[in-house]
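**Student:** There's a structure below that I have some questions on.
The values are calculated or read from the model by the stated rules, or taken from the named source; none is laboratory data. What you see is a predicted model, and the numbers here were worked out from it, not measured in a lab. For neighbour counting, all protein chains shown are included, and Cβ atoms are generated from backbone atoms with ideal geometry for every residue, glycine included.
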Amino acid sequence: MIEPLLKVQNLSRHFGSASAPVRAVDDVSFEIANGETLGLVGESGCGKTSLVRTLLKLGPATSGSALLDGVDITTASGRRLHELRRKMQVVFQDPYQSLNPRMRVDRLISEPWALHPGVVPKSNWREETVKLLESVGLRAEHADRYPSEFSGGQRQRLGIARALALNPTLLVCDEPVSALDVSVQAQVINLLAGLRRERNLAMLFVAHDLAVVRHVSDRVMVMYLGRIIETGPKQSIFGAAAHPYTQALMSAVPTPDPRRRAQRKRIVLQGDLPSPANPPSGCRFRTRCWKATSICAEQEPALIARTEAPGLLTACHHAGPEIANEIPRLEET
């Protein structure tokens, strides 16, 4: 049996005091295979960024493990952590804040090679920089410019080029197109999809736009208040979502066709996302769920396999396809 590239088991990240912790990430488990893209979706405050920061060890894990090529990221330090970070790189959300405005592009892209000697000889830095720029749709002369001389889409391409400089096996994309104009989002998404195929990259793609996630992902995880509540192949998620929260997310996706928009049944969630410092008992979604009954307050549902679609796992006492079937499939991007 082939081992996954990334194997996360019962990972938690809590903030604050031990007596009253804020459970930003709470007992999360998943895997990503080589060359696979896993989409992570959920509304603001659900714990997506905290999960990403924990995986990158930009903050300590409270419990659990995250194995990259068999090495636990959560306990790694020193040289071992340095080597792990070479294998996992990140494309940040804001291309205006993630690039040092005082550095020229050639230095921005070659900086990882200075931190990881031996990857590329210094005599080849310029040549390899040009190759990376061209691989993301930029030109050789761009190496002598500063970030302020580029548009938002071009800056994000620079960020992608820098992330690829160390030939990582895992690319973490944290809302990589949400800060871009709609007109350039598709270009960057298609670029990432092409690079993934060419380099056999594994990707964790974090986003709140379900249409984008459907376009780039092989599998999808839906996160709510620190927990994974539904996951499966994208065909199963978008064709037979069984969790009420996933169904509500999909019903909110805009469609350009006025006839389909008029036919769509919109699910409007009531109330706000509860505080992760004081989550509801039982099912965390029950305070906003129209299906909630007494068992939802008493027992937290387990993530179990559904019969509606292959590979679909759902954490809900009353999961079912009756509402999902009323929601039209999202159009391909």
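**Student:** For region 104-148, which positions are under 28 Å from the mean Cα position of the chain (by Cα), within 29 Å of R79 (Cα to Cα) and not in a helix (DSSP H, G or I)?
**Tutor:** Correct list: H116, V119.
**Student:** Among the residues of region 1-46, write down those that are assigned to a loop (DSSP other than H, G, I, E, B) and surrounded by 23 or more Cβ atoms within 10 Å (Cβ to Cβ).
**Tutor:** Matches in region 1-46: G42, C46.
**Student:** Give me the pairs, please: first residue somewhere in region 136-160 and on the phi > 0 side of the Ramachandran plot, second residue anywhere and crowded, with 16+ Cβ neighbours inside 10 Å and in a helix (DSSP H, G or I), beta-carbon distance under 7 Å, and either six or more positions apart or on two chains.
**Tutor:** G137/R157; G137/L191
**Student:** Consider L51 against the criteria (1) closer than 29 Å to D181 by Cα; (2) touching a helix residue (DSSP H, G or I) at 6+ places or on another chain (Cβ under 8 Å); (3) surrounded by 18 or more Cβ atoms within 10 Å (Cβ to Cβ); (4) modelled with pLDDT of 95 or more: it satisfies all of them except one. Which criterion is unmet?
**Tutor:** Condition not satisfied by L51: (2).
**Student:** Please determine, by comparing only the residues of region 288-314 that are farther than 24 Å from D272 by Cβ and in contact with a Pro (Cβ under 6 Å, 6 or more places away or on another chain), which one is surrounded by the most Cβ atoms within 10 Å (Cβ to Cβ).
**Tutor:** Going residue by residue through region 288-314, those that are farther than 24 Å from D272 by Cβ are 302-313.
Adding the requirement that they be in contact with a Pro (Cβ under 6 Å, 6 or more places away or on another chain) leaves 308, 311.
Working: E308: 18, G311: 13.
Selected residue: E308.
**Student:** Do you know which of the residues in region 62-103 that are outside any strand (DSSP E or B), at pLDDT 95 or above and in contact with a Lys or Arg (Cβ under 6 Å, 6 or more places away or on another chain) is surrounded by the fewest Cβ atoms within 10 Å (Cβ to Cβ)?
**Tutor:** The residue in question is T62.
**Student:** With respect to E134, determine if the residue is at pLDDT 95 or above, acidic (D, E) and surrounded by 15 or more Cβ atoms within 10 Å (Cβ to Cβ).
**Tutor:** no
**Student:** A161: small (G, A, S) and either surrounded by fewer than 23 Cβ atoms within 10 Å (Cβ to Cβ) or in contact with a strand residue (DSSP E or B) (Cβ under 6 Å, 6 or more places away or on another chain) (or both), yes or no? Outline the logic, then answer.
**Tutor:** Values: small (G, A, S): yes; either surrounded by fewer than 23 Cβ atoms within 10 Å (Cβ to Cβ) or in contact with a strand residue (DSSP E or B) (Cβ under 6 Å, 6 or more places away or on another chain) (or both): no.
Taking the combined requirement at face value, the residue does not satisfy it.
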